[in-house]
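Please treat every number below as a calculation from the coordinates, not as lab data. Here the structure is a predicted model, which is why all the values come from computation and not from measurement. So basically every Cβ, Gly included, is an ideal-geometry build from the backbone, and we count neighbours across all protein chains shown.
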Amino acid sequence: MFQAGYALRTWKELSRFGLIDHLFPMTAQWLAAATDNSRAEFIESALNNTDKRVAQDKPVTPMFMFGVLLWGPVRERANYLIKHEQMSDIQALVAAAGEMSAAQNLRIAVPKRFSFPMREILQMQPRFERRKGKRAQSLIAHRRFRAAYDLMLLRVILGEVDQSEADWWTEVQELPENQKLLQSGESHQRDRPRNKRPRSRIRKNKKTN
């Protein structure tokens with residue numbers, strides 16, 4: 001339904017007839033708890049982008065759309081696990097993505113070839129906060145980088161990512177071999193003055209005859 005070029009229109013029709021509650025109950029609850037329009041805009045922007053890709057004869061994958069639809073519930077569950085189970089952000093996202101994916105499977109069966117990479121792009125989101133040197137380079141080299149990057153851009157709408165951070169990741173991809181800006185991050189770290197311990201002076205006692 002979401003890959004024929006009418007994803008946004010289809011979503012609005014499903015919403016109008018109350019079918020989102022049955023197909024994506026966790027997403028429906030997340031949207032219902034919204035205090036503004038940002039959550040709806042987050043999903044509708046992804047659907048609109050999908051329609052544009054179809055119109056341009058570019059590939060689309062259910063993996064990404066499932067990731068968008070489940071991101072909100074996964075993020076909320078991860079926040080709970082961080083607070084109550086003392087998990088790290090990445091640990092919590094791994095656990096939450098697994099739970100929400102399993103729960104969603106009870107309504108719509110998601111093949112593993114879609115669910116596994118979907119969970120991967122969700123778990124990659126905290127890595128966009130690390131923009132220095134080798135960590136950024138390894139993220140860009142990741143095979144799921146582009147899908148994870150597209151999700152990160154959408155998270156600007158939710159206020160979870162600063163626009164300046166999103167712009168940085170956009171600009172760095174346009175540089176030759178993605179090196180210049182990343183190396184500036186490494187050199188910035190190397191150029192920091194280090195607190196050197198003063199060398200101790202060893203006094204030699206003169207022998208007296």
| Which one of these is out of contact with any Cys (no Cβ under 9 Å at 6 or more places or on another chain) and over 22 Å from F114 (Cβ atoms): E44, E13? | E13
| Hey, among S38, S15, which residue is of a type outside the set (D, E, K, R) and without any contact (Cβ under 8 Å) to a residue 60 or more places away in the chain? | S15
| query | Quick check, is F2 of a type in the set (F, W, Y) and either within 18 Å of A103 (Cα to Cα) or not in a loop (DSSP other than H, G, I, E, B) (or both)? | reply | no
| task | Report yes if some residue within the stretch 70-82 is among the aromatic types (F, W, Y) and surrounded by fewer than 15 Cβ atoms within 10 Å (Cβ to Cβ); otherwise report no. | result | yes
| request: Determine if the stretch 56-69 includes at least one residue that is surrounded by 15 or more Cβ atoms within 10 Å (Cβ to Cβ) and more than 20 Å from P117 (Cβ to Cβ). | output: no
